[in-house]
Structures are given as structure tokens and as C-alpha cells.
4 protein chains.
Amino acid sequence: MNGNEFGRLFRVTTHGESHGPAMGVTVSGCPAGIALSEEDVQRELDRRKPGQSMITTSRNEPDAVEIHSGLQDGYTTGTPIGMTIQNKDSRSGKYEPFVTAPRPSHGDFTYSAKFGTRNWGGGGRSSARETVNWVAAGAIAGKILEREGIEVKAHVNQIGEIRAPKVSFEQLLEHTEENPVRCAHPETAEQMRERIEEYQAEGDSIGGSIYFETRGVPRGLGAPRFDSVPARLGRALMAVPAATGFEFGLGRSARERTGSERNEDWTTNDDGDPVPVGNDHGGIQGGITTGQPIYGEVTLHAPTSIPKSQTTVDWETGEQKEIQVIGRHDPVLPPRGVPVVEAMVNLTLVDFLLLSGRLNPDRLDDQPGEYDTAYHPRSPENK
Amino acid sequence: MNGNEFGRLFRVTTHGESHGPAMGVTVSGCPAGIALSEEDVQRELDRRKPGQSMITTSRNEPDAVEIHSGLQDGYTTGTPIGMTIQNKDSRSGKYEPFVTAPRPSHGDFTYSAKFGTRNWGGGGRSSARETVNWVAAGAIAGKILEREGIEVKAHVNQIGEIRAPKVSFEQLLEHTEENPVRCAHPETAEQMRERIEEYQAEGDSIGGSIYFETRGVPRGLGAPRFDSVPARLGRALMAVPAATGFEFGLGRSARERTGSERNEDWTTNDDGDPVPVGNDHGGIQGGITTGQPIYGEVTLHAPTSIPKSQTTVDWETGEQKEIQVIGRHDPVLPPRGVPVVEAMVNLTLVDFLLLSGRLNPDRLDDQPGEYDTAYHPRSPENK
Amino acid sequence: MNGNEFGRLFRVTTHGESHGPAMGVTVSGCPAGIALSEEDVQRELDRRKPGQSMITTSRNEPDAVEIHSGLQDGYTTGTPIGMTIQNKDSRSGKYEPFVTAPRPSHGDFTYSAKFGTRNWGGGGRSSARETVNWVAAGAIAGKILEREGIEVKAHVNQIGEIRAPKVSFEQLLEHTEENPVRCAHPETAEQMRERIEEYQAEGDSIGGSIYFETRGVPRGLGAPRFDSVPARLGRALMAVPAATGFEFGLGRSARERTGSERNEDWTTNDDGDPVPVGNDHGGIQGGITTGQPIYGEVTLHAPTSIPKSQTTVDWETGEQKEIQVIGRHDPVLPPRGVPVVEAMVNLTLVDFLLLSGRLNPDRLDDQPGEYDTAYHPRSPENK
Amino acid sequence: MNGNEFGRLFRVTTHGESHGPAMGVTVSGCPAGIALSEEDVQRELDRRKPGQSMITTSRNEPDAVEIHSGLQDGYTTGTPIGMTIQNKDSRSGKYEPFVTAPRPSHGDFTYSAKFGTRNWGGGGRSSARETVNWVAAGAIAGKILEREGIEVKAHVNQIGEIRAPKVSFEQLLEHTEENPVRCAHPETAEQMRERIEEYQAEGDSIGGSIYFETRGVPRGLGAPRFDSVPARLGRALMAVPAATGFEFGLGRSARERTGSERNEDWTTNDDGDPVPVGNDHGGIQGGITTGQPIYGEVTLHAPTSIPKSQTTVDWETGEQKEIQVIGRHDPVLPPRGVPVVEAMVNLTLVDFLLLSGRLNPDRLDDQPGEYDTAYHPRSPENK
């Protein structure tokens, strides 16, 4: 059974294993008329790619995207956009000890139990390398959101017990990309970095979390109940490898608030529209957006690939053995997870925009039935 | 846009508004050969129904289910099962003040902003009354799980700041239904009940959470990545009205654990199979079940309908006004939410069983192509 | 496995067996703001219902629809519309001889082979009674098409070897409902009626076909290739019970035409738009609508329930036996199939309108984000 | 809106334009354990590829497939299979005259009307080049069918007015691939070839049809009503470019048969099972397979690209002009359509096998939960 598809109108279909020939993603249902280039996608892939700093894996992947279809003269055509990212630096050999001796807390055993087999090089399909496809698709969604005046930004708000203070959306935009931890609070980022290096030195890894926030999401998105915004975000963000928790608004702490504390009176904004006086509701009421910022958190457990000695069982021989997962692994997931979370929020929002009629599924100019040449000038280079 | 469908092979399609003529649910894709009666469904509906105790709404609904199709002589036939639950005690009139003056933190405004209109009696489609459909469908899923030796049980583990100690699965089974709070720890349940009544007396409400756990789920379920078990549970449980957070395994606290703390060595069980030495992984590795119990928590915010005075704005007149949402409302959601959470976990698991080939989508006896009479004796009462 | 769902955004989910308690259909994804009453649906059900004339079954079903949800003050609210049609005149007893002795060319054997069981009264789920759900849903789709200026009309163009001459769309509208055969060419209708009565008198039945045509379908609908208009109509119309062929445009005869004969030059219409000089293309080029009328034909084989003596085998005893399917059966399907074909075309077109951005999935007024009271006046009768 | 996805469990997602960089297809939901190589796919692509004979286009495409994922040591792993076919011989320049002057009866105008733009080189997305993806996916489905003992074979049974006599399944297997027309009746094939060359010499093209037949399809497949076998085949085969009609069993001629002629008595086979005495029902009763061969026909209209002079309108200038579609075009579609039709039938059948529980969606060996190494020997070449 497959699980490689996401979205209802703006759809993503992925393939690829960590050490296979290539990763690939098809974006189906992207409307025509969006300016798009390989550079737009590459920019996001570069944020996710390995080897960015001392606290990420040293696997050397250019993660260069090729777009195979769906464009004409720099604009989307409404037809499916196929993208491929070649795997260049896979070294499967070192995974051979684990073919029948599952690494602790990885997907080795469960994949083999499900399928009777697995692509075992580098974790194969269970590897977080899959998220390169998500970021590529999310970059296209991001182009649409940009055009609609919608912003999505995430940062790392906790590593181990080090938690960043609340930061403003402006701080998110300004500081997140300044440091290798991707924490928008520079002092905390520095503490996090130091702490990560300590774990790394010990041959260990550590958990953490990612906070995300939006601006400009219009009211009226979401389709209760099974396709409410929380339900869809819940699926999108709990699909992120290593996610163990998702919250929005007050999240887990809502359990300790009374109704009178959490409820928000209505007032009017400058347009004379009703608006809630606060945003403890996290931008969503009754499963539908209110127009206030959506915000939430995703918890990611510590990376399971650690050099420390651990014990496994070989299912062919039945023997226990000590192993070390030595390789090129991240000591912490959130820094590279930031673009992944942004991508999944992007994809979710664009799908809702299409489903709620804010965007025309066929074309952004919203003039159905008009044949024109707006996006396909007879450019010399296209002949 | 609709959001009333759940599941990929075991599918649920719902309709109904709180104060409309009837609620209804169609279960599509249920295999043939399951013994099923209206009583099986009614039993679960009775656990969710209003008016069970002093700490639930006094709305008087029998919630009597009628099964319209999909049965022959007490067994499912593999064809869709239609069910209807009439609404008997709706009193829409008292909601008239809120037609254009949204209740704080309800879905009144967002539904109207989305659709331009709404069924406003009793919250209409945004009401948690919708979950009667989920529980009805979940009861059928529960019959299948029972047959497969799979158990799903939930209880209320927190109300406000009162948190139950960890209880065993046996305690869950034994104590949950003994008290109106549905907390499996009797002493805590009593404290919770008292505290709820205090909030109730103050015209207020309070948040809380529900813990769930499984037994007997086989290894190998789940389809990474977008349809991993966490992703599917994330959607299922974040769809629950008032849910603001979902966690499984170590959940939110995983952010503070190192890899070496959280990783679990492999040992062998009595069958000689590899098993992890612990269950911090919550029954899921690489998005796929390990065969260990799945457990998690859902946070539900405080009910938004409270008698305390609050402020709203009438969007027709533009005027602010004080309102009280006086009616028949729950002061806390988790006690009646327990069967809802169980239903959603049931539905998710049965769908995975079908998708993973553990169950035959057509028939439970797994003998495709054999015509027989096993489930349709020529009973006199059927003629 | 279920097969009771149709449509991608405008979705139909059905349940019910011929002799079960009730038929039911949920229409999900219908936008808000459509004037709709039970009478609108009833009018179409009455066209399909049994007992209309001597050449239809005499089963006495009022086919009275109840709408359970999705309306406020006579307008749709954007939430799912649940409908139930009670079965009143089922007499299962006479089907008992066929429980293990399948009727020739019915679904008795195949349903039992698939599911190991079946609801055997009156054909159960395999009965064309299911189409009552389709017509109910199609009536709602028809209301939307009417508002968009789109017309869909079908008539019976062949019964046995009697074929109606080509009729104009105006003739379709004017004459189809005038005679019990639903053939828009009155003289042919009369010949057909006589011929049908002859077959009926012989205890036999006869095949035929239904022609359909549209007006006002805009250009640009359809999503090649798997969701092209022909592909979607192909599924919709081959799902009709007894359908053995579907054609559009030149249909089967296109195999004998050269490219130069079939190709149509482009000219301009009054608006200066390019239009093809003919309509051999049947309103569809490259899988997408051109704005010209769509037209096609569906072949329905003869009803399989006939009083003539036939031979079957009892799978319990292994013995052959002679049977007569005596009951209340149609001698020919197309007359009652006309509203069914129209319903399926309606449903297909509305789904395409939504998918192509012509209609807003949330609301017809196309002002997303505006909360208003347009469709929910505080009417006294609603309180 | 996209239309590039097919299947419910065995899923196909495609992308690519005729003259874009590459075509691509992702097969999702293929069970683990199927022996598969690029050669298996290439063999089928070679049957469809251009330049095979004088009566096909001379476009020179190697159509070499690369498999990017989903394999381990020559067996499928249950994870998505990504495939890419590079476009090597695209010459877009000659299509420039048609950017705003639609070719008669092509998709030029409708694509531009739908999307406001289009990839215009070689027909872009509307080109039948898309079917290279279908054949690649269908080859994988074919491997599964082969393993299950199911055969699907098609041939060209009509070109213009030349119709082949009925041939046996053995003849289909033996003769279809012997001649460039792919007609299993050699004498007729020769006549067809001559006639095609005449049309070709006249700068014209001609329509035709493809007949298909199956062996070994088990009884019990299909999910009435919307997912009945005829409904699914109807969608699959009407999606084929240029299809204007689909029939199965008696097809269109069923309209002239009486019930007593078409109905088939039941007898018993060697196993003592009930079987119909004939196969006018085309292997399907009540929408579900009977176990008899499924057979049917697809009509394909004449290719629309012809050198003969035709008239179009330029929508920028509003002027009519004479055009000739000179290029590398097929004079007739059925010969290269044979593998396309087979592919679509293959895909439909495999999906039904999965949906009906005949095949385990996760793995063919049907031992859920068993981790093994059957399909992933530690081969040296894989390290």
C-alpha cells in the first residue's frame, strides 16, 4: 500500500529511496500562470540540504532539481510538474550489517515486517531523504502563497531543554536563517548550538521542536470535520519523520484553561468586521480559519542514528550483537526540519485555497474560457 | 467543499446538523460476514449520548440508531451500511440572538464567512453532535477489531490541572466506565468531578485531555510517509471538535530526550522475533506499527458555550453586545469524548488492516470466489 | 470493497438494497446558496419511479424523499445533504427460490461469489433500485446547472430494431415526457410502445438505447487524460445498470471516417471567438469541452427478469432446475433510464464546473470571506 | 485541475509533454515481491514506440525507461516506482504557426481555453505521447497479471470499413504482433495495411477500432455500481486519446436482443460450479466478473494531424488561414494503440485484484508481519 500522496486538489506524489538512483515528485493540480523556475525550487532545497554546517550530516548531495514538465516560458501551464533530484553521494555498503539486524528505533524492522523486504541502503524509503520531495513541492506552493500575500515561517524553538522565548513574526523572518540552528532568537540559537555539539561529541543526539506561524491566511478555509484545518495540519505535520506531537494555538496547555479564560470576545476591526480580541484560538474556530495568524508546534524526537554502542538482534541467526551506527548523521533534526515544516504548511494552505474557491484550480487569472497568450510569448529560446 | 469523509477503504460519510431532522452516516467498504445488530451500535451511542450525568448537557436525545442497509440475517453483506439517528430534542429558537452575533470562540463566524450562510440552530453542522455519526461508524469498526483480537481503550487523564497517574491497560478496561468523568483512576475521577462541578457552578467550563491505548495491533500497519500511522491518527484525532494537540509515545516530552535515552535495543520475544526492549516509541517506528501497544493523548480545550457574560458584535448592526450562552451544555468535553476518541482510533486501525491486506476488503472469510450461504440462512423472519 | 461513491468535489455516496428498509444518498460538496426543496428532488424521482405506465413494473413505491440536512430556509448551506427514500412495497418472499439458484444473467451469482453472501430480496444491492439515489442527487446537480444556464436532456432513441430519427434539442425538450416510452419522436414512440407490449405479452423483454444532449456547457471543462470528459462520462454512464456501450460524438461510426471528413475547420462566432464549423467532435476536443453541445448514446441490454422459462443450477444441491422470474419487472429499461442518464450527466458536469473553477466549491455567490444573511432570513417557521 | 492519476490502490501518476524534457510516471501501491527489471518495461514501450514501420510516425524516440525507485535486487519493495522516459527527438519550432491558430480537431483551442495557456510544442500535454507513461505502468501491472495466470490481449479489428472476422484468443496471441497493423487476422491485416497506405498517400488519415479479450480473470471482481467493471473500464478506455466509443460483451448490438436471447442459462462446470452457458454477458454480470473472458471494443477516430489543407482562425489577428499539419504523424491510431489498450486493461484488473483481496496490497507472498530476506539477498552488485 502506498502512502506517497498528499493533498486533494494541489497534489503531491513522491518516490525515491535514500540510496536509490533518484528522488522524484510530481505536483498535480497546480494552476496555470505561476512564474516558476528551477531556481525557485533550488533555493528551498538548499535550505534543507545536508552538509550545511557542522551540526548537520556531511553527506554531500547537491540536491539539484530538474523540472521535467508543466512549464512554458517560465510559467506553469496547469499540467503536472514532474521534478527529479538525483542521488549522488550514496554509500550503501556500510548498511549491510543491518540488513537483518535492525538498527534501534529505526524503520528497518517495521518496513521488513510490512513488505517482507526493504531497500536497506541508507534507510531506503524510510529515510528522511524523502522530505527533499516535500520541500521541492512546497517551494511551488510557496510561490502561490507569495502571490496571494500569505507568509509561512518556522523556526526551532526548542532543543533538549533549551527553549527560545516567544519571538515576533518579524523576528522569525529576520533571524531564523542567520544561524545554523535556525532559531530566530540569536542568543538561544548560540546556546542550542553549543549544546548540540556536546551531544555530538558524546556520540549522541537530542530532540527538539519547531514552531510555525502564518500571516495573511484568509478567513473561511477548512472543511469540517475530517478536513478541518487542524485535522489536515495534523496529518501533514505528524507525517514529518520523527514527529511525536502536534499542537496549535494553546496546544497542550489548553487543557488547563477555563472557557472564560480561553474564549475571546468579539470586537470590530478597521473594516468594521468582527474579529476576536485575542488569538489563543490559533487562527482556527470550528475547524475553519478566522483570518488571524495560525501558529503551532511540532515535536521531533532525537535522531535514532547514533554512534553510541547499542544492541540489536539478527533475525537470521537469532543472535544479539552490539552495533554502532557510524555514518553521516544529523545530531538533531529541527534545523533541517524547518523548511520541511514550512513546506507541509504551504502545501496544506494552497490545497485549502483551491478547495475553498479562493484560487481557480485551472488558472490564476480566473478568466475561465479565455484562450490567450499571456504566459507563452513566442520566445526565441523556446523554439 | 465537503469534509465529511474519512478513511480510504473503510470509509465513513456523514451528514447532519445539531438541530436538523436527523444525523446520518454511511459506512462503505465494510467487509461481508461481520455479525452486527443495531444494539451493537446503540451500546456505543449510549456512552456518548447527552444527559448521562450531572456533568453533561441535559439535552434529551435517545440517539436511537436505525440501520437502513448492508445487513442480511444479522451479518454484514459487504455493501454500504446506512444509519440514521433522528434528532428529537432540538430547540433552535434560543440560538436566534446569535444568527448575526457570533458566540465567542465558536464556529458561528467562520462558518458564515466560509459559506456565506449557516445552519445556526444549536451550532448546526459545527456542533459536536456530528460525532454521534463517528461513534456509530466506530462501533462497526470495533466489531471487526474485536474479531481480530484488537482492543482500543481511552480514558480521561486530565481535567484542568488535575492529572491522573499512569494506569495499566487493565485499569483502563475496568474503571473507565465506572464514573461519570470516565477517568480510570477512581480517586482522581472523584477529584475531577468535584472540580468540574465548581466550574459549572461558576458558569464556566474547563479543558482536559484523553489518553488512549491499544492491545493486539499487529506489526506492519501504516504507509509512510503521508499515510503513516502518526499522520493518520493525527488527522483522525485533530478532527475531534476542540482538539488542540495530539501526541503519541513520548509525545511532547520527546524533545527533551537524547537519542541514547529514547532508542530501544532489540531483544527477542518468546517466538524468537525481534522486539524492542521498551515502548517509548509508542508502538510505531518509521511510521509503521511494531506490534507494541500504541498510546497517545489528545488535548481538548474548554467548551466554548458558557453562561458567563461575554461580548460579541452583531455584524448587521455593527454593535457590540453582552451575551450569555445559556442552554444545555457540557462543562467539560473529555468524558463524552472518550467514545469519540475510541471510535476514531477504531476507524483508523480497521482502515489500516484493510490497506495492509490483513483483512480482505470483500469478506472476512477470505475465500474469494466462493459463493455460499454462511451468512444468509433462509430465516423465517427474513421472508 | 465499496463502489458507492461518485464525483471528486461534488460527491455522491449511496446505500440501500431493493427490499431493505430504505435507500439513502449523501451529497457532499454542494456549494451554499442554491434554492432547494424536497419538491425539487421529488419531481425527478417521480420521473423514475415504478408504476408510471403499463410498460413499467407495477411495484408500488411512492419514492418519497426526506432531506435530513444541508438546508437553511430553503437554501443549501454548503454542508452535506442527506436524503432518505423509504422502501414501502418490498416482497422478498418470492425471491427465496433464487437464494442459491441464481437467476440467469442477474448479479445473484457474482454478488455471492464476491461477498460470500448477499441481500437476496429483490436483487438487493444489485437491483437498479439503487438508481433512485442517483436521480435524487442528480436533481440537486440539476438545480445548479439550471442556475448556470446549462441544459441536459435525454430520450429513448432505440428500442429493439426501432430507431428514432434524429431530433432537435427543442424536440427533446418538448416531446420526451409526453409518452411512456420517453422517445421525443412521437410516431416512433408509438411504434416502440406497441413493440414493447408484444415482448411483454410473450413474457420477454428487449434492449434499447438512450441518447443525451447538452446545451450551454462552457468550454474548458475536463482534465485530461484520465479525467477527460469522455473518461468521466464513460465511467458515469457505464455504471448505469445494464449498460453495454457508451459513445459520444460520431461514436462507433468514427472508425469509418477519414481525418479530413471528421476534422472541422475553425471559423469565428459572433463574439469573434474561434469555433469549429461542425460538431462531429461531440463538444469535446483533446478531452476538454469546446462549448459545443455534448451528445452521446448509452446502450442498455434487455431486462434480465423475464417470465419465460429458463434453466438454473442450485449450488447447494448441484441440480439444474427450471425457473420463471415472475414478478413486477420492466419489459424494457430505457424509458425509466432517461432520468438516470440525465442524473449521471448532471453529476458529471457539476463536478467539472467545480473542478474547473467555474463554480466556487463553498458558495455560489463567489464572495469568499463574506459572512452574510442572504440565505438564512430569520423566518418564523424556522424557530 | 489535474487528471493525471489513475487507480485506487494500484495507482498511476503521470507527467510530461510531447516536446518537454521528459515523460514520467510513478506507480504507487505496487506490492512487494514482483520480479521487475527495466527490460520488462522496455519490451512494452518498444511495442508502442514511434517509427516501428512505414505506417507509424517517423519521430525517432528510443523511449528508454529509467527506473528510479521501488526495487531491491530485481524485486519490487512495495514502495513507489518512479520511472522517467527522456524525450530525445522533439522539434517544437514547426508548431509555432499553431500557437494562436488552433489545428482542426486538436486540443489546441480547448487547452488554451481551459488554462489560458498551453505547452504548444507537439501538442504538449494533449499529445498521445502521454500514453508512453501508461504503457510503462501497464507493463508492471502485466507482470502481476502474468504471475496470477491472467492474460490480456488486444488487436486491431477494424480500420475504416475493413473489419476483421472474429478470431480466437489463440490467434490473438499468435498473430497480433506479426504485422505492423497489429491485426490478428493476417489476410485482413494486409488489406488494412494497403488501405492505410492509400490514405497516407492522400495526405489523409482513417479511424478504426481495437478489440481486447482476457483469460483467467477470477470471478468476484468489481464494486457496483460506480466502480463496476464496466464503469472502470469505461473510464480507462474512454481516456485513451481519440476514443469515441467503448463497448463490452454484445456492446451496441445488445439493444436489438431480447431478454430470452441474451440471458444465459446456468449449467455446471467440471468443478461443479455454476457457469453460464454462453458469454454474451462479456464476463460481467451485475457489474462483477463471472470468471468468463471479458471482451470489448474501443473505437478510435482518425488522427487529426493530416497534411491536407485545412482552415483555421488566428485568435490574435482574427484572420482565417489555410494550414497543413505537416510533420511526423500516424495515419491511423489503432496499431500503436494496442499496447495502450492492453495497459489500461492491465491497470484496471490489477487494481480490482487488490481491491477485492485477491492480492495483498503490501506483498505478494501474503504473510503479513513476517520480515524476511527473500527478495533482498545481499548481492555484491548492490553494495
Check: Applying the selection to segment A:180-218, what residues are crowded, with 24+ Cβ neighbours inside 10 Å and at the interface with another protein chain (Cβ under 7 Å from one of its Cβ atoms)?
Finding: A:SER205, A:ILE206, A:GLY207, A:GLY208, A:SER209
Note to self: What pairs come out if I take residues in segment C:67-94 that are facing chain B (nearest Cβ under 7 Å) and pair them with residues that are surrounded by fewer than 24 Cβ atoms within 10 Å (Cβ to Cβ) and basic (Lys, Arg) whose C-beta lies under 9 Å away, six or more apart or interchain?
What the structure shows: C:PRO80/C:ARG11; C:SER92/B:LYS383; C:GLY93/B:LYS383
Check: What number of residues in segment B:58-91 are in contact with a His (Cβ under 6 Å, 6 or more places away or on another chain) and surrounded by fewer than 20 Cβ atoms within 10 Å (Cβ to Cβ)?
Finding: 2
Next item on the list: Only one of these is surrounded by 18 or more Cβ atoms within 10 Å (Cβ to Cβ) and at the interface with chain D (Cβ under 7 Å from one of its Cβ atoms): C:THR348, C:THR311, C:THR304. Name it.
Entry: C:THR304
Checklist line | Pairs where the first residue, in segment B:27-44, is within 14 Å of chain C (Cβ to nearest Cβ) and farther than 20 Å from C:HIS15 by Cα and the second is part of a strand (DSSP E or B) and among the hydrophobic types (A, V, I, L, M, F, W, C), C-beta under 8 Å, 6+ apart | finding: none
Check: Does B:ILE140 count as over 18 Å from the mean Cα position of the chain (by Cα), buried (at least 22 other Cβ atoms within 10 Å of the Cβ), part of a helix (DSSP H, G or I) and not aromatic (Phe, Trp, Tyr)?
Finding: no
Notebook entry, point to check: Checking B:GLY282 against (1) at the interface with another protein chain (Cβ under 7 Å from one of its Cβ atoms); (2) closer than 30 Å to B:TRP134 by Cβ, which test does it fail?
Noted result: (1)
Notebook entry, point to check: When only residues in segment D:28-49 that are in a loop (DSSP other than H, G, I, E, B) and open to solvent by 10 Å² or more (accessible area, probe 1.4 Å) count, which is nearest to B:PRO224 (Cα to Cα)?
Noted result: D:SER37
Next item on the list: Among the residues of segment C:94-120, write down those that are in a helix (DSSP H, G or I) and either open to solvent by 10 Å² or more (accessible area, probe 1.4 Å) or under 28 Å from C:LEU347 (Cβ atoms) (or both).
Entry: C:LYS94, C:TYR95, C:GLU96, C:PRO97, C:PHE98, C:THR110, C:TYR111, C:LYS114, C:PHE115
Next item on the list: Tell me which of these D:VAL25 doesn't satisfy, since it passes every other one: (1) open to solvent by less than 10 Å² (accessible area, probe 1.4 Å); (2) part of a loop (DSSP other than H, G, I, E, B); (3) of a type in the set (A, V, I, L, M).
Entry: (2)
Notebook entry, point to check: Any idea which residue in segment A:222-278 is surrounded by the most Cβ atoms within 10 Å (Cβ to Cβ), counting only those that are in contact (Cβ under 8 Å) with a residue 40 or more places away in the chain and touching a His at 6+ places or on another chain (Cβ under 7 Å)?
Noted result: A:THR244
Item checked: Candidate set: segment C:270-308, residues that are over 20 Å from the mean Cα position of the chain (by Cα) and among the hydroxyl-bearing types (Ser, Thr, Tyr); chosen: the one farthest from C:LEU353 (Cα to Cα) -> C:SER305
Margin query: facing chain D (nearest Cβ under 10 Å), touching a strand residue (DSSP E or B) at 6+ places or on another chain (Cβ under 9 Å), at pLDDT 95 or above and under 25 Å from C:GLU130 (Cα atoms): which single residue out of C:GLU342, C:GLU297 fits that description?
Written below: C:GLU297
Next item on the list: Determine whether segment D:147-158 contains at least one residue that is of a type in the set (A, V, I, L, M) and open to solvent by 10 Å² or more (accessible area, probe 1.4 Å).
Entry: yes
Note to self: Pairs please, first residue from segment D:345-361 and within 14 Å of D:ILE140 (Cα to Cα), second anywhere and among the hydroxyl-bearing types (Ser, Thr, Tyr) and at pLDDT 95 or above, Cβ atoms under 8 Å, 6+ apart in sequence or on different chains.
What the structure shows: D:VAL345/D:THR214; D:LEU349/D:THR214
Next item on the list: Would you be able to tell me the number of residues in segment D:143-187 that are of a type in the set (Lys, Arg) and part of a helix (DSSP H, G or I)?
Entry: 2
Check: In this structure, does C:ALA254 turn out to be within 28 Å of C:ASN133 (Cβ to Cβ) and either among the β-branched types (Val, Ile, Thr) or at the interface with another protein chain (Cβ under 7 Å from one of its Cβ atoms) (or both)?
Finding: no
Notebook entry, point to check: Do you know which residues across segment B:1-19 are open to solvent by 10 Å² or more (accessible area, probe 1.4 Å) and away from chain A (no Cβ under 12 Å)?
Noted result: B:HIS19
Note to self: Restricting to segment C:159-169, name every residue that is open to solvent by 60 Å² or more (accessible area, probe 1.4 Å) and either under 20 Å from C:GLY357 (Cα atoms) or within 14 Å of another protein chain (Cβ to nearest Cβ) (or both).
What the structure shows: C:GLU161, C:ARG163
Note to self: Checking the conditions here, which among A:ILE55, A:ILE85 is modelled with pLDDT under 95 and either of a type in the set (Val, Ile, Thr) or within 30 Å of D:ASP362 (Cα to Cα) (or both)?
What the structure shows: A:ILE55
Note to self: Given the criteria in contact with a Cys (Cβ under 9 Å, 6 or more places away or on another chain) and under 27 Å from B:THR117 (Cα atoms), does C:ILE67 qualify?
What the structure shows: no
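The values are calculated or read from the model by the stated rules, or taken from the named source; none is laboratory data. For clarity, every value in this text was computed on a predicted model and none was experimentally measured. We place every Cβ from the backbone using ideal geometry, glycine too, and count neighbours over all the protein chains shown. Just the protein is used for accessible areas: all its heavy atoms, side chains included, with ligands, DNA and RNA removed. Shrake-Rupley method; radii C 1.70, N 1.55, O 1.52, S 1.80 Å.
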